[in-house]
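See structure below.
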Amino acid sequence: MSRVLVVEDEAHLAQGLRFNLEAEGYSAEIAEDGETATERLLAKNENFDAIVLDIMLPGKNGFSVVEELRAARNYVPVLMLTARGRPEDVLKGFAAGADDYLTKPFDLSILLARLQGLLRRSEWMRTAHSTQNSLEASSAPADPGKIGDYGTFSFGGKTIDFGTLELRTNGDVIHLTLMESELLRNLIRNDGRVVSRKQILEEVWGLHEDTDTRAIDNFIVRLRRYIEDDPAQPRHLLTVRGVGYRFLANPERK
Ligand code: CA
């Protein structure tokens, strides 16, 4: 049973969410403010499978909560709740390390679908990881330029492990959030092809509504910092003006 923490100060909304999550077979608990949430997740090291996190909270807000989690290397999937008409919140939330967002007021069915999406992805990662561990001894390293059977991909001296969400580069290990990793995986799958921002929002986040596509640009800037030797002169992750992005595993081969 997946365990979800609902961080929301509006009691009726929090209790309604808990009730509905429990009706759907989740175990759900409520934290009424950001301090309680970080206390439980970090100080007490409680395990949750996902967090539904409101941004507007008394005291410590949702941005600070997710920032603190990521800074403490806690990568629990975070679905953020933003107020309508504040697209800048989406950008800020993604920048802080949230994985997905919903605008209030939301349809319960949509919240459940998004949550399910996050849980499914992280479950997939966990399975891929344990399979990988048990097969590690017999598995050959993935061919460069191809996502290997065990979810690794190598290019330009870097290796991404989609099971552990780790990017290994020159002895450094960078931990990716769930959605950073999903975005990279999507771009890599389209190696050499242009992918539009709209397509990325649909395929990676499952968002069909009109979302500010700058949210994507924000992620791309971060990915470039991870994978490019000179993020200002990207060789692997190129901007295609007015359209979107193109990933090149082998820039020389174009
Ligand atoms: Ca609130």
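Values in this text are rule-based calculations from the coordinates and carry no lab data. These numbers come from a predicted model, not from an experiment.
Taking amide hydrogens as modeled 1.01 Å from N in the peptide plane, which residues meet the under 5 Å criterion relative to residue 30, leaving out close sequence neighbours?
6
At 10 °C and a viscosity of 1.306 mPa s, what translational diffusion coefficient does Stokes-Einstein give for the range 140-253, taking Rh as the Kirkwood radius over Cα pairs? Give it in µm²/s as a whole number.
111
Step through the residues of the range 246-253 one at a time and calculate ³J(HN,Hα) from phi using the Karplus curve (6.51 cos²θ - 1.76 cosθ + 1.60, θ = phi - 60°), rounding each to whole Hz and writing x for Gly and Pro.
Result, ordered by residue: 9, 9, 10, 5, 10, x, 5, 8 Hz.
What does DSSP give for the chain in terms of the percent of beta bridges that are antiparallel, rounded to the nearest 5?
In the chain, DSSP labels about 50 percent of beta bridges as antiparallel.
Collect residues whose amide H, placed 1.01 Å from N in the peptide plane, falls under 5 Å from the amide H of residue 2; neighbours closer than 5 in sequence don't count.
27
Quick check: convex hull over the Cα atoms of the range 3-123, volume per residue in Å³, rounded to an integer?
Numbers: hull volume 11.3 nm³, N = 121.
Cα convex hull per residue, to the nearest whole number: 93 Å³.
What do you get when you divide the Cα radius of gyration of the range 63-116 by 2.2 N^0.38 Å, with N the number of residues?
Output field value: 1.13.
Can you tell me what the convex hull of the Cα atoms of the chain projects to on average, as an area in nm²?
Mean shadow area of the hull around the Cα atoms is 14.2 nm².
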